[in-house]
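For reference, the structure discussed in these notes is given below.
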Amino acid sequence: MSLRYTLTRAVASASVAPRVAARPLARAAVAVSAPGPRTFSSTSLLLKKAAKGGKGGGKNDRPEKAEKGGKGKGKGKGKDAEAEADEGLSAEERDAVIAKTKERVTKSTEWAKGIVFEGVERGRGRVSPAVLDTVKVTLPNQGGVNLNQVASVTMRNNALYVDVWEPSALKHVESAINKANLPGLSPLRDGTGIKIPVPKPSGEVRTQIAKSFGETAEAAKTQIRVARTDGLKALGGRGEEGTDDIQEIVDKATAELDKLVVTAKKELEKA
């Protein structure tokens, strides 16, 4: 923004000499001629300065400089923030992220192992109460809860017995077991509880069990991928220090699950 200058009117009038004789008139002329050049010179300087001020006012605009200075300070703060971000996590923080990711991966792998083991036992004609560990019961005003929170499960006479603690929850427990779609297991009402006969598995049931191995492993892999994504994000993204350790954990668990499925199918064939 150019500065505004107010030009005052320069009075460049010459002094009027008094009417005197010839010899005083000569002195008056000298007096007039002396200040004359100074008067017109000062007026000219004022006009030149005003003209220069009007053209170059934008360049000497102090508010603009202040604005640029403000931007400079902002950039300085931005660089400081970037420098702090570049420092990354400390060694302890990285180790904590890796340990947490490994814990989640291990839990997913162990969960799959338990389900597959029960499937192999079922294919051999043997089951345990643990086969119902994955059943979730949806109760009014409570949402989904584990079966062992509303009932107890025991094995008697080649059958599983589910004793429901609250009669009002019986129909919800029965519905949850049916929805679990356990191969070869069909729940039946037995008074205030539920009985699940465990017949010798047929060829069709074994085929369903073998298929469930792959589905269980894939569900575990999905959980593992989520844990990996969260771990990489916590470390700052791919390529950051510690990400190779997480990928190694994931690769090892994935290979273990693949081997688990192959071994379980072989054991099922022997039954």
Point to revise | Hits in the range 141-153 - residues which are part of a loop (DSSP other than H, G, I, E, B) and either of a type in the set (Phe, Trp, Tyr) or under 34 Å from the mean Cα position of the chain (by Cα) (or both) | key: Asn141, Gln142
Check your understanding: Could you say which residue among Ile177, Ile224 is part of a helix (DSSP H, G or I), surrounded by 13 or more Cβ atoms within 10 Å (Cβ to Cβ) and assigned by TED's automatic domain parsing to the domain that holds Asp251?
Key -> Ile224
Exercise for review: Name every residue in the range 91-144 that is among the small types (Gly, Ala, Ser) and in contact with a strand residue (DSSP E or B) (Cβ under 9 Å, 6 or more places away or on another chain), in order of residue number.
Suggested key: Ser128, Ala130, Gly144
Review point. Which residues, taken from the range 180-218, are on the phi > 0 side of the Ramachandran plot and either of a type in the set (Asp, Glu) or in a strand (DSSP E or B) (or both)?
Key: none
Exercise for review: For Val127, state whether it is at pLDDT below 85 and closer than 30 Å to Leu260 by Cβ.
Suggested key: yes
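The values are calculated or read from the model by the stated rules, or taken from the named source; none is laboratory data. Please read these numbers as outputs of a predicted model, since none were measured by experiment. Cβ: placed from backbone, ideal geometry, glycine included. Neighbour counts: every protein chain shown.
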